[in-house]
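Worksheet for the structure shown next.
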Amino acid sequence: MFSKEEAQQVRKEFWMAFGKSFPRKWLLYNTKIKDFSFKFYADKKKAEVSLDIEMKDEIFRDAYYNKIWSLEDILKDFIGDFHKEELYTLENGKVISRIWIEKDGVSILNKNTWQQTFEFFVEKMDGFERFYYEYEDFIKDV
């Protein structure tokens, strides 16, 4: 389908198109909590918006995860049904805690699904951000 170089170029175009379509400064890493960040992800099969809690210290990681988990029903009101995993292993072997929502059936390599993906990103990241800003003081109090 695509050579490695072509796929890399399409991925670059995807992220540039997203930034141009929705020019907004997202919260992402600027939570003022070290190793606590929101992320966008897209691949050939799906798109995800996640909250990654990546502290090396398991006690802190667990404390932040449990803070978010204690607000589960409220978070659902902001983003809908989501997945959660207290011990999520990344491809590089690092263990983090992750809360995420995904959209299947879209592909970073299929320009026909880009608009759906962009709208999903905006809706769900906006929900995550509104949730975070509303409960920021509670979440930070670890």
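Read-outs: derived from the displayed coordinates by stated rules, not from any lab. Note that the coordinates shown come from a computational prediction; the quantities given were computed from them, not determined experimentally. Note that each Cβ is placed from the backbone with ideal geometry, even for glycine, and that neighbours are counted across all protein chains shown.
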Next on the checklist: Just the residues that are out of contact with any helix residue (DSSP H, G or I) (no Cβ under 8 Å at 6 or more places or on another chain) and either of a type in the set (Asp, Glu) or free of Cβ contacts under 8 Å to residues at least 12 places away in the same chain (or both), please, taken from the stretch 51-76.
Outcome noted: Asp52, Asp57, Glu58, Ile59, Asp62, Asn66, Ser70, Glu72, Asp73, Lys76
Item to check | Residues within the stretch 1-37 that are assigned to a loop (DSSP other than H, G, I, E, B), in contact with a Phe, Trp or Tyr (Cβ under 7 Å, 6 or more places away or on another chain) and more than 20 Å from Glu129 (Cα to Cα), tallied | outcome: 0
Item to check | Contacts under 9 angstrom Cβ, first residue in the stretch 90-119 being within 23 Å of Lys76 (Cα to Cα) and free of Cβ contacts under 8 Å to residues at least 60 places away in the same chain, partner of a type in the set (A, V, I, L, M) and surrounded by fewer than 18 Cβ atoms within 10 Å (Cβ to Cβ), 6 or more apart | outcome: Ile96/Leu87; Ile96/Leu90; Ser97/Leu87; Arg98/Leu90
Checklist outcome for this item: Restricting the stretch 106-142 to residues that are in a loop (DSSP other than H, G, I, E, B) and in contact with a strand residue (DSSP E or B) (Cβ under 9 Å, 6 or more places away or on another chain), the one surrounded by the fewest Cβ atoms within 10 Å (Cβ to Cβ) turns out to be Ser107
Checklist outcome for this item: Filtering the stretch 59-91 down to residues that are in a helix (DSSP H, G or I), closer than 19 Å to Met125 by Cα and among the aliphatic types (A, V, I, L, M) yields Ile68, Ile74, Leu75, Ile79
Checklist entry - Applying the selection to the stretch 21-39, what residues are touching an Asp or Glu at 6+ places or on another chain (Cβ under 8 Å) and among the small types (Gly, Ala, Ser)? => result Ser37
